[in-house]
């Protein structure tokens, strides 16, 4: 289970050497070393997994036990992220992957997924067009890590987050509305951020998904399955290309462009697509500074090349990203599909239960006057520190150490450079006392 902040990243391993790679990799400075133990500040963690990328041995993702779920006798329905269908270069038809899951005893929701992703793209375009141009760009919430990054680090931009439900949740809701309810949904995720989304969703009280597991476990089972599936008439025939493209960078924007051409009154759709944590932060900062005027939408993914770069995916992101472009989608939805989307949109399948809110940092004090005094003290301590952000004190930056000092969770002497300065001062005092000349 996750805590109330929805953190699914956990430090593990008593033999960790107190390295600084993980704390330096965290984009929100959520990690600290305290008295030899690694601590994650839950209010700041966004489940991006950047720490696990640089230290896979001592950082774990809290997920449900796949072995227990696999051996369970109860019926289970898999909700697989689109990345799942890009993991097998020799299987060009997603229905082949679906067939293999069936051979393992699982049902997936490929029909509902196609409708859900169409519906979310449809609803997103409707919302963006309703926003005045001067209040754009809107920011995609498909990547939960980007959503939480804005909530934690850029709270002034929360109003720019697109208030549309995640298509994975919509697929589960569509399935339940069709009478599949009663069977537990198992979400198969390519990253810890989406596991966090399933366990602790934003904008709704509870997820439709009962369990969440890393994609690498299911991937191994399918790879170990000897036979190659055959796609017969018994399998659903549909165009899967549109929603599977969301697995790679630019796929969401391509999907939105399809509906923009229909509802955009001839206006061009201008989207910025960006992947990688540092690049995403740079673009979001430019949004905050008002530099992206004329842009309608920002599609950001913290993982390189999009969701195929998730740390829980089974296949290399370089191979998986080359699999998707071979599937040419149909960008011309039928009138029947448009009518269905209008109906489902009117029924509220993409609506959130409550608004997305900021996750502000903990104040230095509950009292405003005391908080201002501590802020002044923080600046004094910070000015005293070297400002090189080396991380040897167990904090990701000198400012983080200064904040910990003011909060009573650290000492200035935690800084190794401050220790060296004090040792030098003490040495000079001792030499003065015994009246020995200092070597210059």
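The values are calculated or read from the model by the stated rules, or taken from the named source; none is laboratory data. The structure presented is a predicted model; accordingly, all values stated were derived computationally and were not measured. Quick reminder, even Gly has a Cβ in these numbers, built from the backbone with ideal geometry, and neighbours come from all protein chains shown.
Filter region 67-83 down to residues that are part of a helix (DSSP H, G or I) and within 16 Å of residue 223 (Cβ to Cβ) and give me whichever is nearest to the chain's Cα centre (by Cα).
Looking at residues that are part of a helix (DSSP H, G or I) and within 16 Å of residue 223 (Cβ to Cβ), I get 83.
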*What is the number of the single condition among (1) surrounded by fewer than 21 Cβ atoms within 10 Å (Cβ to Cβ); (2) within 19 Å of residue 395 (Cα to Cα) that residue 59 does not meet?*
(1)
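Are there any helices (runs of 4 or more DSSP H) wholly within region 238-339 with 3 or more residues that are in the same structural domain as residue 116 (by TED's automatic domain parsing), touching a helix residue (DSSP H, G or I) at 6+ places or on another chain (Cβ under 8 Å) and under 21 Å from residue 118 (Cβ atoms), and if so which? Before you say what the answer is, go through the steps one by one.
Details: elements: 241-244, 251-263, 277-288, 317-323.
Result: 241-244, 251-263.
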_Options 402, 358: the member that is within 33 Å of the chain's Cα centre (by Cα) and within 30 Å of residue 120 (Cβ to Cβ)_ = 358
*Can we say residue 418 is outside the structural domain of residue 21 (by TED's automatic domain parsing), at pLDDT 90 or above, surrounded by 15 or more Cβ atoms within 10 Å (Cβ to Cβ) and not in a loop (DSSP other than H, G, I, E, B)?*
no
*asked:* Kindly evaluate residue 128 against the criterion of being assigned by TED's automatic domain parsing to the domain that holds residue 246, crowded, with 21+ Cβ neighbours inside 10 Å and out of contact with any helix residue (DSSP H, G or I) (no Cβ under 7 Å at 6 or more places or on another chain).
replied: yes
*Residue check: is residue 119 surrounded by 20 or more Cβ atoms within 10 Å (Cβ to Cβ), touching a residue at least 40 places away in the same chain (Cβ under 8 Å), outside the structural domain of residue 165 (by TED's automatic domain parsing) and out of contact with any strand residue (DSSP E or B) (no Cβ under 8 Å at 6 or more places or on another chain)?*
no
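If you check 75, 64, which single one turns out to be surrounded by fewer than 22 Cβ atoms within 10 Å (Cβ to Cβ) and either modelled with pLDDT under 75 or farther than 30 Å from residue 118 by Cα (or both)? Explain how you work it out, then say what you get.
Numbers: 64 fails: either modelled with pLDDT under 75 or farther than 30 Å from residue 118 by Cα (or both).
One residue alone meets the criteria, 75.
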*Can you confirm whether region 95-113 contains a residue that is within 30 Å of residue 28 (Cα to Cα) and either in contact (Cβ under 8 Å) with a residue 24 or more places away in the chain or under 21 Å from the mean Cα position of the chain (by Cα) (or both)?*
no
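Is it true that residue 36 is without any contact (Cβ under 8 Å) to a residue 24 or more places away in the chain and either within 30 Å of residue 152 (Cβ to Cβ) or outside the structural domain of residue 278 (by TED's automatic domain parsing) (or both)?
Judged against the criteria, residue 36 is a match.
In this structure, is residue 359 buried (at least 16 other Cβ atoms within 10 Å of the Cβ) and under 30 Å from residue 408 (Cα atoms)?
yes
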*Any idea which of (1) surrounded by 19 or more Cβ atoms within 10 Å (Cβ to Cβ); (2) under 20 Å from residue 120 (Cα atoms) is the one residue 270 doesn't satisfy?*
(1)
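Restricting attention to region 24-31, does a residue exist that is touching a strand residue (DSSP E or B) at 6+ places or on another chain (Cβ under 8 Å) and surrounded by fewer than 19 Cβ atoms within 10 Å (Cβ to Cβ)? It would help to see each step written out before you state the result.
The initial filter retains those residues of region 24-31 that are touching a strand residue (DSSP E or B) at 6+ places or on another chain (Cβ under 8 Å), namely 30-31.
This time we only want the ones that are surrounded by fewer than 19 Cβ atoms within 10 Å (Cβ to Cβ), so: none.
There is no residue in region 24-31 that is touching a strand residue (DSSP E or B) at 6+ places or on another chain (Cβ under 8 Å) and surrounded by fewer than 19 Cβ atoms within 10 Å (Cβ to Cβ).
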*Can you confirm whether region 345-355 contains a residue that is over 29 Å from the mean Cα position of the chain (by Cα) and either surrounded by 14 or more Cβ atoms within 10 Å (Cβ to Cβ) or at pLDDT below 85 (or both)?*
no
